[in-house]
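Heads up, the thing below is written out as structure tokens.
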Amino acid sequence: MSGAVKISRELIDVKLEASSNATNPVIKFIAIIAIAVYYFMITDLYRMYLLIFAILIYYNFKALPYQVAKPKYRFLIIFSLLIVIVQLAASRQGDLVFFLIPKIFNLGPFFPIYQKGLFYAILFVGRFWGVITISWVFIDSTNPFDFAQSLTNLKVPYRLAYSLSLALRFTPVLNNEITVIRNAQQTRGLNSTPNSIKGTYNLLKFTLFPIISSTLNRIKDITLSMEGRAFGLYVDRTPLKEMPLQILDIIQLFVLILLLMLLLMF
Amino acid sequence: MKDINFQYSDSQPKIISNVNLKINKGEFIVITGRSGSGKSTLALILSGFIPHLIGGTYTGEVIYQGIETRSLTLGEISQLVGLVHQDPENQIVTSNVLEEVAFGPENLNLPKEEILERISLCLSATNLDELISRGTNELSGGEKQRVALASLLAMGGSVLILDEPTSYLDIVNRAQVLKTLQKLNLSQNMTIIVIDHQPEIYKDLLTRLIVLEKGSIIGDYYAEEIDYTPYQVSVNSLKKIRILPPNNSIDNILQTDEYSVFLKNTKILSDISLKINSGLIYGIIGRNGSGKTTFANSLLNLHTNKGKMSIFGKNTAKKPTHEIAKDCGLIFQNPNHQIFEQTVKKEILFAPSNLNLDSELTDEKIHQLLVDSSLEQYKNSPPFGLSFGEKRRLTVISIDVYSPSILILDEPFIGQDRYNFEFILKILQKRKENGLTSVIISHRKELFNLVDRFIIFDQGHLIGEGNPREVLPIIKSKHLYPIMEEI
């Protein structure tokens, strides 16, 4: 074995050793599900928002290894507003808290806000933010192919496991493509912040075609790349990284579930 | 290859027609020809994707070492031959270098020890040992190209096909890739087949040049017989444009002062102070990752910036992109990103209509543009169905149609044959004659006889601005061009 080849081999061993010490992605996935379930079981708004806040702080200040771009909060805020409007309009239970539009002279008041409506609006927004933020942490801290391998260890067929991991791998890529296309629209004189329904319709219309074209091209290229390297040739494949379930992973999961149960009970 | 014929569908003409070709082990072959001549399709046939994965009417035989590829599965063919695509970015599947090189051998279900052995050998052969822990999104263009090469080498095949392997690369990265190919060809006796519009890049490596036209082989030359002139843009046609005197030249139509650009809060460009005049052709050059594209995008406020930036003396720092676009057009590297409409004719009208400039456009002018760009026959066809070269011509005319005072073209020559190159030259000539400014970002050597002035970036800094002769020492010292006889 030549000197250079020997060096490569040592570097590979170091790299494999480092990745075997990371938390098993399946355990991480179960933990995420457990936290999401917790969000749907509790109605204590203080605890819920405290947990969301803690996760947001962790997410924004910890450099997660697979993070490609910080998410835009605008979409979350708009969607949250929609949830609030629907809940406030739909629920008329509980005490009347206030009117959104107070009585002015002989007009009004309009849009009564009831206690239950307000409560459900804040609860559902919390659940929505909770699930989204915890999924950000999972996506940005997990190597998609380690996740696929750990699923394969649990007897999930590797073709299925890799389809899932490819979706994770290319989510940020697609996000980036959308940004490029939005930029391209503006360089061709299209207003990216239209203030009319027609403008918004045009913006969506002129995003759809390039995104479809770009996604189809990407799928074609990745298919050629994978098939051109014998993906799916055999029923089994040899994983370089084993990603076995370790005792420490199971202990971590157990502690988390115990903690969540305690939080639910007390 | 014996009597190969292929057409993608019955409604389309034959893309490959009666191709017969014999390639010996250890040859280094370059396949060239105009855009749409069938080069990439031939690569797909040689690598087994046609007929195994891509549909169409296919007849003939491809035989590797006595085995006809139709009797093999695609996975089996992948152990004989590998195809590296034009843009390696689109070929990379996994998140880091080690996983990418391991991906193929893992699929072959080889013993772990053999996988490790293959990875070690391939990383060494492509000089990637140091990059083993790197994320694939952290690699430069040249590094990605070498990772793509290593990942195919790990399949254990003896034939490598590369589709324009150096088109995205600067001169240093290109030299690295060529050196790797030479090493594989000479020391490992690998057969290398390269598809490129610029065969002269490989003149020290190739053993044969094959020329395709309309899907058929029209030339097959050994190294000593090759005349590279037909594949090169003539120096005179470039100089003819450069010597045109500036028409009604206005100074400082675009100016930046202590201008910095940020991407995700990281400073990418620092303290750029630059003045651009009207009626000239500028070339922006620099190594991969030096900030050329970032600078171009930032001029239209697509990135966060600080400092002064003005067009025609008006501060544009806070102006929205769609308003700056009226004075400053930008053509992206990838034409697929800049096509929006459902027909070619509507696409030409897209920007003028957004900018309320469509009333100035007559049917005759649009017709003339379509004729000049050889797109007339497609005027009612969807632009997404055009070839890469046709899309490039369409994106160029779709912005040039409203004659912005400044036109920035980001790598307009990638994947373009001589015909498309000369089409872009005509646009540049017309713009110069009309006193309009053009700015080209490119690694192509032709720039040195074409542009009036160079703007040189290095690691996020402007390190030079001036006519080609003035900046020659910088170009030499930074290895931006294999100097010098063309200048």
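The values are calculated or read from the model by the stated rules, or taken from the named source; none is laboratory data. None of the values given here were measured: they were computed from a predicted structure. Cβ sites come from the backbone with ideal geometry, for glycine too, and all protein chains shown count toward neighbours.
Observations on the structure shown:
- Strands (runs of 3 or more DSSP E) wholly inside the range B:1-93 that include at least 3 residues being closer than 29 Å to B:Leu186 by Cα: B:28-33, B:81-84
- Extreme residue, nearest to the other protein chains (Cβ to nearest Cβ), among residues of the range B:133-155 that are surrounded by 20 or more Cβ atoms within 10 Å (Cβ to Cβ) and part of a loop (DSSP other than H, G, I, E, B): B:Met155
- Checking each residue in the range B:375-395 for being among the small types (Gly, Ala, Ser), assigned to a loop (DSSP other than H, G, I, E, B) and touching a residue at least 40 places away in the same chain (Cβ under 8 Å) picks out only B:Ser387.
- Given (1) surrounded by fewer than 19 Cβ atoms within 10 Å (Cβ to Cβ); (2) within 14 Å of chain A (Cβ to nearest Cβ); (3) part of a strand (DSSP E or B), index of the condition B:Asn356 fails: (3)
- Here B:Thr59 fulfils each of the conditions (1) surrounded by fewer than 18 Cβ atoms within 10 Å (Cβ to Cβ); (2) touching a helix residue (DSSP H, G or I) at 6+ places or on another chain (Cβ under 7 Å) apart from (2).
- All positions within the range A:61-76 that are surrounded by 11 or more Cβ atoms within 10 Å (Cβ to Cβ) and either at pLDDT 90 or above or within 14 Å of another protein chain (Cβ to nearest Cβ) (or both): A:Leu64, A:Pro65, A:Tyr66, A:Gln67, A:Val68, A:Ala69, A:Lys70, A:Pro71
- Check on B:Lys308, of a type in the set (D, E, K, R), under 29 Å from B:Ile455 (Cβ atoms) and part of a loop (DSSP other than H, G, I, E, B): no
- Residues that are within 7 Å of another protein chain (Cβ to nearest Cβ) and assigned to a helix (DSSP H, G or I), drawn from the range A:224-262: A:Leu224, A:Ser225, A:Met226, A:Glu227
Okay, residues lined up against (1) assigned to a helix (DSSP H, G or I); (2) over 21 Å from B:Ile399 (Cα atoms):
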residue: B:Gln416; (1), (2): no, no
residue: B:Leu428; (1), (2): yes, no
residue: B:Val439; (1), (2): no, no
residue: B:Lys445; (1), (2): no, yes
residue: B:Phe454; (1), (2): no, yes
residue: B:Pro468; (1), (2): no, yes
residue: B:Lys476; (1), (2): yes, yes
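- Of the residues making up the range B:196-228, those that are of a type in the set (Phe, Trp, Tyr) and farther than 26 Å from B:Asn5 by Cα are B:Tyr202, B:Tyr228.
- For the criterion of being in contact with a helix residue (DSSP H, G or I) (Cβ under 8 Å, 6 or more places away or on another chain) and over 20 Å from A:Val131 (Cβ atoms), A:Gly117 passes.
- Candidates in the range B:3-12 are the residues that are in contact (Cβ under 8 Å) with a residue 24 or more places away in the chain and loosely packed, with under 14 Cβ neighbours inside 10 Å; of these, the one that is farthest from B:Leu184 (Cα to Cα) is B:Asp10.
- Of all residues in the range B:189-237 being within 18 Å of B:Glu164 (Cβ to Cβ) and aromatic (Phe, Trp, Tyr), the one that is modelled with the highest pLDDT: B:Tyr202
- Of the listed requirements (1) more than 12 Å from chain B (Cβ to nearest Cβ); (2) part of a loop (DSSP other than H, G, I, E, B), A:Leu174 misses just one: (2).
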